[in-house]
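The structure under discussion appears below in the form of structure tokens.
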Amino acid sequence: MKYAAAIAVGTLALAAHAGEREAELIRLVRQDCGSCHGMTLKGGLGLPLTPEALGDKPADSLVSTVMNGRPGTAMPPWKTIISEQDAEWIVKRLLEGFPEEK
Amino acid sequence: MMRWFTLLAASLLAGCVQMQSVRGTGDLGVVIERANGRVAVVETTGKTVLGRIEGLGDLSHASVVFSRDGRYAYVFGRDGGLTKVDLLTATIAKRVMQAGNSIGGAISQDGRLVVAQNYQPGGIKVFDAASLELLSEVPAAYGTEGKHSKVVGLADLTGNRFAYALFDAGQIWVTDLSDPRNPKTEKFAAGNQPYDGLVTPDGRHYLAGLFGEDGIALLDTWRPQDGARKILGGYGRGQEKLPVFKMPHLRGWAMAGGNAYLPAIGSHEVLVVDARNWQGVHRIPVKGQPVFVMARPDGRQVWVNFAFPDNGWVQVIDTVAGKVVQTLEPGKAILHMEFTPRGEAVWLSARDDNKVVVYDTATFKPLTTLPMQAPSGIFFTTRAARTGF
């Protein structure tokens, strides 16, 4: 019983941790990606990141763009800031319509 | 009875506005609360918020210029909204949607024209400063395929001329609006991907920072026949460029002792340039990639904030010593700085701490903190009287 409770607590803690990371990533995308792509992600110096704008691009190439940047453009590599999993999560959410900051 | 009624109506109206007594505007300003589409009207003498104005749309990357009487703030929103805000009544005097995606604007030498610089559709638009009526526009068309460039670095010059740079076309354009309905534009090759521009305080030299290559494009607007030339080419040569998570801003013109202080791009340095011959003098190492490099009005200090992930720091360069003399941590995500008219204090916006912090520039001690929702740009009315602001 105690063991089960410990697992439950552990799972909760993990979920809380994931929620926190997601909140950080939402903020990062809205605020810091937003400084080029616009806070609403409708574009600025950088291209729009709305589902309509990204529609036909494969997710793995978008993840690669986030991680490695695009040479010759102003898009920097973010791999020193976020993990591959973070980038995958961001791209998935971008393709669905990115969540607002809470 | 009628007169009494009118009087009552008038006083009721007066009750609606937030500032009731007669006052000047020399110590007023606005703070962009970007998440809420709101601006706060502030005064720098008592360091207080006088009122808030809602409904200005998407204010990410919003910028502001002031009418020459210092009463109205023209707020350029990212969504193309241009709002004329009355600082004395804290109300919207006029508002138009002028583009799909905008990056800022400028006001003419005579104060009659407000010009917006747009990403989408790429170009500039000219408005009557009183009515916000559209007078003319200059599409930033380039090449042979009818492409339009994003416009950056718009700055006012003397004679109701405006200089700006075309990010995608690699050009500097100077548009003469002495006849505002018939713009006349001269074009100059600038270099690869100009990302922002500024004009020197005398209105003579226009500089456009280049992202796509080393160096800065310089146009002497008193000698346009010479064209734009590149300065500081190869100044950072041999160094590997760091990833740029945020473009530097060249708005905060910093000049002291005949030298100009400019943010390096892709390195942790402030560039010092001799403004007489535009040669590099030295480079000052700083804590991160600079975004704003701004001189205190007397030029003795230069304050620097940084791009993500170093945006919690602010450093102060003493221009006599030629090095950093203070490193401050005013809050999370310091996006902008603005000096009071004579520079005894500086206001700093800490976006992720939802506050503006005011520092004493002599003691480097915080004087007060004002709660704000995700503050970004801070703009004081002293800009009304300065070329390039």
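Laboratory data are not the source of any read-out in this text; all were calculated from the coordinates shown. Note that the structure is predicted; figures quoted are calculated from it, not measured. Neighbour counts are summed over all protein chains in view; Cβ atoms, including those assigned to glycine, are modelled from backbone coordinates with ideal geometry.
Using a Gaussian network model of chain B in which every pair of alpha carbons under 10 angstrom is joined by a spring, one finds that among B:A90, B:A295, B:A155 the greatest mean-square fluctuation is at B:A90. Here the average projected area of the convex hull drawn through the C-alpha atoms of the protein assembly as shown stands at 29.6 nm².
A DSSP coil position with no more than 16 other Cβ atoms inside 10 Å describes the following GluC sites (Glu not before Pro) in the range A:62-100: A:E100.
For the range B:150-185, the set of trypsin sites (Lys or Arg not before Pro) satisfying both a DSSP loop assignment and a count of at most 13 other C-beta atoms within 10 Å is given as B:R181.
Given the convex hull over the Cα atoms of chain B, what projected area results after averaging over all orientations, in nm²?
Value for chain B: 19.7 nm².
Less than 18 Å from a label point 7 Å out along the Cα-to-Cβ axis of A:T73: which backbone N atoms in the range B:86-123 qualify, by residue? Only B:119-120, B:122 fall inside the zone, counting backbone N under 18 Å. The calculated FRET efficiency for the pair B:A321 and B:T48, based on their C-beta separation and a Förster distance of 35 Å, comes to about 0.50. The modelled label-to-label distance for the pair A:E24/B:S178, using points 7 Å beyond Cα in the direction of Cβ, is 5.8 nm. Compute the distance from the alpha-carbon center of the range B:322-389 to that of the range B:176-230, in whole Å. That distance is 29 Å.
Residues of the range B:205-237 with amide nitrogen under 13 Å from the 7 Å Cα-to-Cβ point of B:Q279? Only B:232 fall inside the zone, counting backbone N under 13 Å. The simple spin-label model puts a point 7 Å past each Cα toward its Cβ; for B:W222 and B:A141 those points are separated by 3.6 nm. Here the range B:58-77 is scanned for amide nitrogen atoms under 17 Å from the site 7 Å beyond the Cα of B:Q373 along Cα-to-Cβ, giving B:58-62. For the range B:19-178, the equivalent ellipsoid derived from the Cα gyration tensor has semi-axes of 29, 17, 12 Å, listed largest first.
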